[in-house]
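Student: To start, I am sharing the structure in question, which I have written as structure tokens.
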Amino acid sequence: MNGGYRRGGIAMVLPAREGFAPDRAGAIAMVVRRLALAADAVVIGAALTPVFSGIAYAPVRARGTLGYALGVIACVRRSSPSVIEVHQQPRLALILARLMPDARVMLVLHNDPKTMRGLRSPRQRRRTLARLHRVICVSAFLRDRYAASLADTTRLAILPNPLTLAELPETTLPRRPEILFAGRIVEPKGVADFIAACAIALPTLPGWSVRIIGGDRFGPASPETAYVSAMRHAAAAAGVRFDGYRPHADVLTAMAQAAIVVVPSRWAEPFGLTALEAMASGAALIASNIGGLPEVTGSAGLLTPPGDIPALVAAITSLARDEPRRTNLAAAGRTRALKFDTPRIAALLQELRDAETPV
């Protein structure tokens with residue numbers, strides 16, 4: 001299906017640097033793939049090969065921000081979609097809304113709008129909201145950041161990221177006595193706190209092991225940065241296994257086997273897809289109480305203050321020593337994950353597409 005254009009229908013526009021293949025897709029690409037399959041939409045993105053199968057993909061063969069924007073505009077004009085969903089690119093969304101007045105153009109935000117060019121000031125956010133069919137935020141945390149200092153937010157919507165539960169690997173029982181971190185190996189993700197906490201907790205937990213999966217970025221070409229190297233050495237000193245980058249399928253398999261998954265972010269996660277994947281995979285979850293993570297976790301996980309190593313040690317040790325509690329949290333996590341299943345989120349998105357544009 002790759003490479004085709006469809007007149008009418010739905011077009012989803014990826015950020016210029018977003019890979020759209022199993023071995024290099026980040027959270028945005030994963031989300032777009034799930035929603036595109038549910039809506040039979042065309043995805044517009046960079047001319048990288050290969051791409052996910054089963055999805056109509058329109059490659060933009062241009063370099064640089066301007067070249068990519070012009071390529072997207074050309075794709076959209078050829079296909080004339082009735083709905084255009086632009087991920088993470090507010091200025092491009094505004095241009096498309098002006099050039100395609102008969103289309104319903106929506107901007108989907110996965111990060112803090114106050115840090116994005118074109119949305120940093122209330123005036124910019126107000127203008128963008130007024131000119132688009134909807135601005136969609138993936139969490140209430142992001143919605144509140146966007147809505148700050150705005151009087152009219154009727155075109156602002158919340159749509160959580162989806163996870164296709166039917167695609168997850170089968171859960172392994174009994175669970176391995178393993179504590180898992182899976183994510184990018186960068187300072188804001190709290191991997192240093194995880195290693196420090198496990199260095200204290202692991203000697204008190206006979207039979208338990210700790211593993212880290214991740215690299216500086218997505219894909220097998222993820223570089224060995226100075227920070228990754230430092231974390232690798234710190235993990236070795238703490239008796240923690242450091243696997244480096246692994247394909248997303250391997251990460252999900254690891255989550256389906258580990259007893260505990262920890263998401264110890266220091267920064268305000270816009271959503272927390274890793275936490276959702278852990279709950280859906282049947283692991284007992286520990287996460288930071290910051291950003292969108294509490295919205296995802298609800299009462300189905302243990303929340304700790306970001307950067308609080310003693311609190312993280314206490315959560316890890318108490319959960320590792322309490323199998324009934326792990327079992328209860330795992331069951332609660334699987335139940336909560338049902339709220340984010342792709343068919344349910346796709347139906348909510350379709351309602352936003354079909355709704356009349358507020359005046």
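The values are calculated or read from the model by the stated rules, or taken from the named source; none is laboratory data. All values derive from a computational prediction rather than experimental measurement. Here the Cβ is made from the backbone with ideal geometry for all residues, glycine too, and neighbour counts use every protein chain on show.
Student: List the number of the failed condition for T335; all other conditions in (1) outside the structural domain of T171 (by TED's automatic domain parsing); (2) surrounded by fewer than 16 Cβ atoms within 10 Å (Cβ to Cβ) hold.
Tutor: Going through (1) outside the structural domain of T171 (by TED's automatic domain parsing); (2) surrounded by fewer than 16 Cβ atoms within 10 Å (Cβ to Cβ) one by one, T335 breaks only (1).
Student: If you check L329 against the conditions, is it without any contact (Cβ under 8 Å) to a residue 24 or more places away in the chain and among the hydrophobic types (A, V, I, L, M, F, W, C)?
Tutor: Here the answer is no, as L329 does not meet what is asked.
Student: Among (1) at pLDDT 95 or above; (2) closer than 24 Å to R344 by Cβ, which single condition is A130 missing?
Tutor: (2)
Student: Still on this model: Filter region 13-31 down to the residues that are in contact with a His (Cβ under 9 Å, 6 or more places away or on another chain) and within 11 Å of Q88 (Cα to Cα), then identify the one that is surrounded by the fewest Cβ atoms within 10 Å (Cβ to Cβ).
Tutor: Result: P15.
Student: How many residues are buried (at least 18 other Cβ atoms within 10 Å of the Cβ) and within 18 Å of A199 (Cβ to Cβ) when one looks only at region 235-262?
Tutor: Of the residues in that region, 6 qualify.
Student: Going by what's in this entry, would A234 be described as out of contact with any Leu (no Cβ under 6 Å at 6 or more places or on another chain) and without any contact (Cβ under 8 Å) to a residue 60 or more places away in the chain?
Tutor: Criteria met by A234.
Student: In region 230-246, which residues are assigned to a helix (DSSP H, G or I), closer than 21 Å to T274 by Cβ and either out of contact with any strand residue (DSSP E or B) (no Cβ under 8 Å at 6 or more places or on another chain) or at pLDDT below 95 (or both)?
Tutor: Answer for region 230-246, where residues must be assigned to a helix (DSSP H, G or I), closer than 21 Å to T274 by Cβ and either out of contact with any strand residue (DSSP E or B) (no Cβ under 8 Å at 6 or more places or on another chain) or at pLDDT below 95 (or both): just A234.
Student: Another question about this same structure. Take A280 and decide whether it is within 22 Å of the chain's Cα centre (by Cα) and not acidic (D, E). Don't jump to the end; show me each part of the working.
Tutor: On the way: within 22 Å of the chain's Cα centre (by Cα): yes; not acidic (D, E): yes.
Judged against the criteria, A280 is a match.
Student: In region 313-359, what residues are within 21 Å of the chain's Cα centre (by Cα) and of a type in the set (S, T, N, Q)?
Tutor: T335, T342, Q350
Student: Residues of region 65-118 being farther than 15 Å from L14 by Cα, within 24 Å of the chain's Cα centre (by Cα) and either of a type in the set (G, A, S) or not assigned by TED's automatic domain parsing to the domain that holds R131 (or both), which ones?
Tutor: If the condition is that a residue be farther than 15 Å from L14 by Cα, within 24 Å of the chain's Cα centre (by Cα) and either of a type in the set (G, A, S) or not assigned by TED's automatic domain parsing to the domain that holds R131 (or both), then G118 is the only one that fits.
Student: Could you list, in sequence order, the residues of region 283-300 that are in contact (Cβ under 8 Å) with a residue 40 or more places away in the chain and over 15 Å from the mean Cα position of the chain (by Cα)?
Tutor: A283, A284, L285, S288 - these are the residues of region 283-300 that are in contact (Cβ under 8 Å) with a residue 40 or more places away in the chain and over 15 Å from the mean Cα position of the chain (by Cα).
Student: For region 201-208, state whether one or more residues are under 30 Å from R143 (Cα atoms) and touching a strand residue (DSSP E or B) at 6+ places or on another chain (Cβ under 8 Å).
Tutor: No, region 201-208 contains no residue that is under 30 Å from R143 (Cα atoms) and touching a strand residue (DSSP E or B) at 6+ places or on another chain (Cβ under 8 Å).
Student: For the list (1) modelled with pLDDT of 95 or more; (2) among the aliphatic types (A, V, I, L, M); (3) closer than 23 Å to T164 by Cβ, I need the number of the one condition that L319 fails.
Tutor: So L319 meets the others, but not (3).
Student: Looking at the structure I just gave you, is L302 outside the structural domain of H110 (by TED's automatic domain parsing) and buried (at least 22 other Cβ atoms within 10 Å of the Cβ)?
Tutor: yes
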